[in-house]
Amino acid sequence: MKKFITLIALVFSFLSLSAQSEADIWELAKSDLKMEYKAIIIETLMFSDAEAEAFWPIFNTFMDDKNALLDDRMKLLKDYSENFDTLDDAKIDELVSRSITNSAERIKIRKAYYKKLKKVLPTRKAGKLYQIDNQVSVLLDFQIISQIPVIE
């Protein structure tokens with residue numbers, strides 16, 4: 001759990017840097033998140049050579065899909081912050097709808113990922129990876145949510 005908290009803190013420390021463009025910082029944060037995530041998986045699970053060979057391509061595709069959704073989420077948060085002082089009912093509806101769609105897509109991707117993992121790994125390992133992903137996602141969500149002001 002400590003490693004997860006460190007991982008999330010590291011991602012958000014990148015976001016506070018001002019020497020580079022916002023896009024560059026975001027790409028660095030995502031890259032570091034993926035590397036740290038891989039380290040957690042390697043430390044937690046002892047893959048056989050065959051399991052590792054089957055797992056890592058699935059993981060890489062999964063992270064690409066997750067990063068695309070995370071990019072959409074960051075665009076949503078940026079839109080929210082840029083319009084916060086002038087939010088009207090129509091904009092609130094749009095933002096909530098986009099957020100719900102993003103959340104639904106996240107669940108859909110995680111479900112598909114778990115299904116693919118069960119084909120190449122023992123169910124126990126696939127379940128453990130699902131738990132790890134859930135824990136990292138919850139911590140990341142908490143960090144993001146804690147920075148968002150509530151609609152007034």
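Condition check: surrounded by 13 or more Cβ atoms within 10 Å (Cβ to Cβ) and more than 21 Å from Met74 (Cβ to Cβ). Does Val136 satisfy that?
On the way: surrounded by 13 or more Cβ atoms within 10 Å (Cβ to Cβ): yes; more than 21 Å from Met74 (Cβ to Cβ): no.
No; evaluated as a whole, the condition is false for this residue.
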Which numbered condition in (1) within 18 Å of the chain's Cα centre (by Cα); (2) closer than 17 Å to Gln147 by Cα is the only one that Lys66 fails? (2)
From Arg106, Arg110, Arg73, grab the single residue that is in contact (Cβ under 8 Å) with a residue 60 or more places away in the chain, within 17 Å of Ser137 (Cβ to Cβ) and basic (Lys, Arg). Arg73
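Given the condition among the acidic types (Asp, Glu) and under 26 Å from Met35 (Cα atoms), answer yes or no: does some residue in region 137-144 qualify?
Going residue by residue through region 137-144, those that are among the acidic types (Asp, Glu) are 141.
Those left that are additionally under 26 Å from Met35 (Cα atoms): 141.
The answer is yes; a qualifying residue exists.
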Considering only region 1-55, state which residues are within 16 Å of Gln143 (Cα to Cα), modelled with pLDDT of 50 or more and not in a helix (DSSP H, G or I). Ser16
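The values are calculated or read from the model by the stated rules, or taken from the named source; none is laboratory data. Just so you know, these numbers come straight off a predicted model, no measurement behind them. Backbone-built Cβ (ideal geometry, glycine too); neighbour counts: all protein chains shown.
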